[in-house]
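Student: Structure below; questions to follow.
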Amino acid sequence: MNLIELRNLYRITLNDFSIRESDYHLNILLNEYFNLDFTFININPAHKLEESQINKILKSLDKLKNNYPIDYLINKKLFLDNEFYVNEDVLIPRPETEELVNWILEDNREIKDKKRVIDIATGSGCIAISLSLYNKYFETVGVDISRKALDVCKINKKRISSKVNFSEYDIREEKIFSEKFDIIVSNPPYLTLNEILTIGDNVKFEPKIALFAPSEDPLLYYKKIINFSKINLNKKGYIYFEINPLYIREINQILAENNLNDVNFKDDFRGKKRFLKITLNE
Ligand code: GLN
């Protein structure tokens, strides 16, 4: 099979994709798997692939057809200009989450003293690593309940030469955490099972533990993190959350119950209320 035949097979098989998307996916895979660059692909349509290469690229076609994310196929996802390693043990970093990180960076552009930051439910480590990379005053810790996610963090820490410390911690258990912080950030699992029909098909390959909040208490993680902040957040500290836009009313209720009234909500680029900043004044 030559490149042009392969391109056509991809276009026909991936009929949910536009031609452009299909070609783009194929080019990415040819580049990642066999080091064939985009120019080579374009100017050598008759180039024949070897048997083993064809097997590999057709296997991937099959997966893509079933909405398997290309990011898992190539084990890479770009997040704020850095390439993070991803696999099925972690959520694929989202562009919305880049906006959350940018908000924190923007708010702290002028600082001249060290700030201790914790990212709770860090997943691939993308928030923690980006924060520490783009603000030299941040001393950042990332925690997660999943050991497999922490293995991914370690790969990213090495790959992006980051100083972030990662450790295992289950926020639900409310165990003592010996350090205090100036900033808490979290993008915890916040989808609910009744949303499963309305969300994209590709999430079905992502870890449920990273996506879904407990049905009986969809805001459990927010409550636990607010509890954590009562002991582990320094005075004049901040909490930044990524939130589910469908739960604003309930989130406001939790804020009121905890006397947290210095709060700012922020829209994501899709115009949905996706982020929340809580300022603690005392
Ligand atoms: N933002 C993710 C999504 O929409 C959900 C991530 C999460 O639960 N924190 O798929």
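Every number here is computed from the coordinates shown, using simple stated rules; none is lab data. Worth saying up front: this structure is predicted, and the values here are computed from it rather than measured. Cβ atoms come from the backbone with ideal geometry, glycine included; neighbour counts cover every protein chain shown.
Student: What's the percent breakdown of Cα-Cα distances in the range 207-265 across 10 Å bins, shortest bin first?
Tutor: 18, 56, 24, 2
Student: Going through the range 163-269, which chymotrypsin sites (Phe, Trp or Tyr not before Pro) have at most 15 other Cβ atoms within 10 Å and a DSSP loop state? Walk me through the numbers before you get to the answer.
Tutor: Numbers: sites: F166, Y169, F177, F181, Y190, F205, F212, Y221, Y222, F228, Y238, Y240, F241, Y247, F265, F269; in loops: Y169, F177, Y190, F269.
Answer by residue number: F269.
Student: Next up: Just the number, please: Stokes-Einstein D of the chain in µm²/s, Kirkwood Rh from C-alpha pairs, 10 °C, 1.306 mPa s. Intermediate values should be presented prior to the final figure.
Tutor: On the way: Rh = 20.5 Å.
In µm²/s, the coefficient is 77.
Student: If I take every Cα pair under 8 Å that is 6 or more residues apart in the chain, average their sequence separation and divide by the length, what percent do I get for the relative contact order?
Tutor: Relative contact order comes out at 14 percent.
Student: Now a separate question. Would you be so kind as to identify which of Y169, L246, P69 lies farthest towards the positive end of the dipole of the chain, taking Lys and Arg as +1 and Asp and Glu as -1 on Cβ and the Cα centre as origin?
Tutor: Y169
Student: Run the numbers on the range 112-157 and let me know its relative contact order in percent, using alpha-carbon pairs under 8 Å that are six or more apart.
Tutor: Working: 66 pairs, mean separation 20.8, N = 46.
Reported as a whole number, the value is 45 percent.
Student: Would you calculate the separation in nanometres between label points at D81 and N102, each defined as 7 Å from the Cα along the Cα-to-beta-carbon direction?
Tutor: Each label point lies 7 Å from its Cα, and together they span 1.3 nm.
Student: What ranking do D113, D71 get, fewest neighbouring Cβ atoms within 10 angstrom at the top? Walk me through the numbers on the way to the answer.
Tutor: On the way: D113 6, D71 19.
So the residues, fewest neighbours to most, are D113, D71.
Student: So, R0 is 51 Å and r is the distance between the beta-carbons of S52 and V263; what FRET efficiency does that work out to, to 0.05?
Tutor: Details: r = 56 Å, r/R0 = 1.10.
That pair, S52 with V263, gives E of 0.35.
Student: What is the range 112-271 by shape, rounded, prolate or oblate, if you read a ≥ b ≥ c off the alpha carbon gyration tensor as root eigenvalues and call it rounded for a/c under 1.5, prolate for a/b larger than b/c, and oblate otherwise?
Tutor: Because a/c hits 1.5 or more and a/b fails to exceed b/c, the range 112-271 counts as oblate.
Student: For the range 244-258, in order, what is each residue's ³J(HN,Hα) by Karplus, 6.51 cos²θ - 1.76 cosθ + 1.60 with θ = phi - 60°, in whole Hz (x at glycine and Pro)?
Tutor: So the J values, rounded to whole Hz, are 8, x, 7, 10, 4, 4, 5, 5, 4, 5, 4, 4, 5, 4, 9.
Student: Along the Cα-to-Cβ line of I196, 7 Å from the Cα, sits a label point; which residues in the range 211-229 have backbone N less than 17 Å from it?
Tutor: 211-218
Student: Counting each DSSP H run of 4 or more residues in the chain as -39500 (n - 2.57), what helix-only mean residue ellipticity at 222 nm follows after dividing by all residues, to the nearest 500 deg cm²/dmol? Show your work: numbers first, answer last.
Tutor: On the way: 11 runs with 115 residues, N = 282.
After summing the helix terms and dividing by the residues of the chain, the value is -12000 deg cm²/dmol.
Student: In percent, how large is the relative contact order of the range 63-147, given Cα pairs closer than 8 Å and 6 or more residues apart? Let's see the in-between values first.
Tutor: Numbers: 102 pairs, mean separation 20.5, N = 85.
Across the range 63-147, relative contact order equals 24 percent.
Student: Sticking with this structure for a sec: Find out how many positive minus negative residues lie around D170, taking Lys and Arg as positive, Asp and Glu as negative, among other residues whose Cβ is under 10 Å from that of D170.
Tutor: Working: positive: R172, K175, K224; negative: D144, E168, E173, E174.
Once all neighbours under 10 Å are counted, the net charge is -1.
Student: A follow-up question, please. Looking at the range 120-208, which trypsin sites (Lys or Arg not before Pro) are DSSP coil and have at most 15 other C-beta atoms within 10 Å of their C-beta?
Tutor: Details: sites: K136, R147, K148, K154, K157, K158, R159, K163, R172, K175, K180, K204, K208; in loops: K136, K163, K175, K180.
In loop regions of the range 120-208 (DSSP not H, G, I, E or B), the sparsely surrounded trypsin sites (Lys or Arg not before Pro) are K136, K163, K175, K180.
Student: Can you list residues whose amide H is under 5 Å from S124's amide H, if they're 5+ apart or on another chain and H is modeled 1.01 Å from N?
Tutor: L91
Student: Another question about this same structure. Roughly how many nanometres apart are two label points built 7 Å out from the Cα toward the Cβ at E88 and K230?
Tutor: The answer from the label model is 4.0 nm.
Student: How fast does the range 47-151 diffuse by Stokes-Einstein, in µm²/s, taking the Kirkwood radius from C-alpha pairs at 10 °C and 1.306 mPa s?
Tutor: Answer from the Stokes-Einstein relation: 101 µm²/s.
Student: Follow-up. Report the Cα centroid-to-centroid distance between the range 151-202 and the range 1-45 in angstrom, as an integer.
Tutor: Going from one Cα centre to the other spans 35 Å.
Student: Moving on to the next point. Based on alpha-carbon centroids, what's the gap between the range 75-116 and the range 208-282 in Å, whole number please?
Tutor: Cα centroid to Cα centroid, the span is 18 Å.
Student: Starting from the 7 Å offset along Cα-to-Cβ, what nm value, one decimal, do you get for the label separation of K148 and E168?
Tutor: 1.4
Student: May I ask you to list the lysines whose Cα is less than 22 Å away from that of K236, ignoring any residue fewer than eight positions away on the same chain?
Tutor: List returned: K112, K114, K115, K136, K180, K223, K224, K266, K277.
Student: Among DSSP bridges having both ends in the chain, what percentage is antiparallel? Round to the nearest 5.
Tutor: Antiparallel bridges: around 40 percent, rounded to the nearest 5.
Student: Still on this structure: To test your reading of the geometry: what angle, between 0 and 90 degrees and rounded to tens, separates the Cα axis of helix 19-34 from the longest principal axis of the chain?
Tutor: Around 90 degrees separate the two axes.
Student: Can you give the translational diffusion coefficient of the range 76-129 in µm²/s, computed by Stokes-Einstein from the Kirkwood radius over Cα pairs at 10 °C and 1.306 mPa s? Intermediate results must be reported in sequence, preceding the final value.
Tutor: On the way: Rh = 12.2 Å.
Estimated via Stokes-Einstein, D reaches 130 µm²/s.
Student: Exactly which GluC sites (Glu not before Pro) in the range 160-245 are in a DSSP loop and have at most 11 other Cβ atoms within 10 Å?
Tutor: Passing sites in the range 160-245 are E174, E179, E216.
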